[in-house]
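Quick notes on the structure that follows.
Rule-based calculations on the coordinates, nothing more; no lab input. Since we're looking at a predicted model, the values are computed, not measured. Here the Cβ is made from the backbone with ideal geometry for all residues, glycine too, and neighbour counts use every protein chain on show.
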Amino acid sequence: MRIAFIGLGAMGGGMAANQAKAGRQVAAFDLSKEALDRAVSHGCTAAGSVAEAVQGADVVITMLPAGPHVLKVFSEEVLPNAPKTALLIDSSTIDVDTARKVAGLAKAAGFVFADAPVSGGTAAADAGTLAFMVGCEEGEFARIDEVIQPMARAVIRTGDHGAGQAAKICNNMLLAISMIGTCEAFALAERLGLDAQKFFDVASKSSGQCWSMTSYAPVPGLVEAAPSNRGYAGGFATALMLKDLKLAQDAAAKAGATTPMGAQAEALYAMFDRLGYGGKDFSAVIQLLRGKLDELS
Ligand code: NAD
C-alpha cells in the first residue's frame, strides 16, 4: 500500500512512522525540513511537495494544524494531483463545516473522503494507540479501518461526513467541563480541610467519578500517570484544549445548541492561556482555581 502522509508534526510524525513500521510505502511531506528529516529517519521517503507525495498514492492522510490548512491543501494540492482511486483521510481536528466542505469537494472530484480526527496525545501517536472517530459513507468504512489500524487502538465510525469531527469536539467539550468540575471540587475540599487522598478515595468510587478524576487527577500523588505529578508538563496542552473548545462553541452557535458550561469552560481556558499557561496540561487550571498560580513554574 502506498501512502502519502502530509503534516509530520507532533502527531503526524509518529503516525507516519507507524505506517512505515507496518510495511507500507510512505511518501511524506511537511513544510518543515526538520519534521521531514525525522520522518525519513523512521522509514518514510521524503517528497518535495504535496503534489509529489500524492503521485501514485493509494491513500492520502493529512495531519495539519487547522481547517484553513486542510481546505487549502486538499483543494489546491491533493485533489488536482492525486489519482482518483486514492482514498483521502484527514485526521486533523477541524470544524465540522470545513470537514463537510472538503468532503463535498472530494466527492465532486470523484474521490472517497473521510474525516477521522483522533483522541490521545503524542505518546499515543508514537505508540500507535490513538482512538479514531470516522465520518464517512458506511460502505467505505472497512477499507478506511484497514488503513488506520497501524495507528490505532480503536476505530469507530460515528456517521457520515463531519460526524468524526462532531464526536471529537463534543467529547473534548465534555472533558473540559469535567476537568474544571473536578478541579473545583478538589479546591473546595482543600478549603474545607478535607484531605485530597480521602476525597479521591470517596469520589473515585461515588457518583462524582469521571476520567478527569480517576485517570488524570489534577492533584499530585493520586494517579501515578497524571501530568499533575510532573509539574503539569506534557499531557494535553491548555492551548489545544482551548482550540477544541472554540470549535465546539462555533459549532454550537451555528447549530443552535445551548452549551452554557462549554462557554464557561472556553472562557476559563482562554484566561488561563492568556496568563501564559497555554503550554501546561489542561489539569493545571486547578492552580488558578486554588489561587496558587505561583506554584506553577
Ligand atoms: P503540529 O503543529 O505539531 O504539526 C502540524 C504540521 O503540519 C507541522 O509540522 C507543519 O509544518 C505542517 N504543515 C502546516 N501546513 C502545511 C502544508 N501546507 N503542507 C505540509 N505540511 C504543513 O500539530 P500537531 O500537534 O501534530 O496537531 C495536528 C492536528 O492534530 C491538529 O489539528 C491538532 O488539533 C490535532 N491533535 C493534536 C493532539 C496533540 O496532543 N498534539 C491530539 C489530538 C489531535
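Structure above, values below:
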| read-out | value |
| --- | --- |
| Whichever residue in the range 87-96 is among the hydrophobic types (A, V, I, L, M, F, W, C) and either assigned to a strand (DSSP E or B) or without any contact (Cβ under 8 Å) to a residue 60 or more places away in the chain (or both) and, among such residues, is farthest from the ligand (Cβ to nearest atom) | Leu87 |
| Residue among Arg143, Arg153 that alone is within 20 Å of the chain's Cα centre (by Cα) and either surrounded by fewer than 17 Cβ atoms within 10 Å (Cβ to Cβ) or part of a loop (DSSP other than H, G, I, E, B) (or both) | Arg153 |
| Qualifying residue in the range 62-69 (condition: polar (S, T, N, Q), within 27 Å of Gly234 (Cβ to Cβ), within 12 Å of the ligand (Cβ to nearest atom) and in contact with a helix residue (DSSP H, G or I) (Cβ under 8 Å, 6 or more places away or on another chain)) | yes |
| So Val202, is it touching a residue at least 40 places away in the same chain (Cβ under 8 Å) and out of contact with any His (no Cβ under 6 Å at 6 or more places or on another chain) | no |
| Check on Pro80, within 11 Å of the ligand (Cβ to nearest atom) and either out of contact with any His (no Cβ under 6 Å at 6 or more places or on another chain) or in a loop (DSSP other than H, G, I, E, B) (or both) | no |
| Residue within the range 123-138 that is more than 14 Å from the ligand (Cβ to nearest atom), within 27 Å of Asn81 (Cβ to Cβ) and either under 14 Å from the mean Cα position of the chain (by Cα) or of a type in the set (A, V, I, L, M, F, W, C) (or both) present | yes |
| Pairs with Cβ under 8 Å, 6+ apart, first in the range 171-197 and over 16 Å from Leu288 (Cβ atoms), second of a type in the set (Asp, Glu) and assigned to a helix (DSSP H, G or I) | Asn172/Asp244; Met173/Asp244; Ala196/Glu190 |
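Residue-wise test of (1) closer than 18 Å to Ala82 by Cβ; (2) within 12 Å of the ligand (Cβ to nearest atom); (3) in contact with a Phe, Trp or Tyr (Cβ under 6 Å, 6 or more places away or on another chain).
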| residue | (1), (2), (3) |
| --- | --- |
| Arg2 | yes, no, no |
| Gly13 | no, yes, no |
| Gln25 | yes, no, no |
| Phe29 | yes, yes, no |
| Asp37 | no, yes, no |
| Ala51 | yes, yes, no |
| Val54 | yes, yes, no |
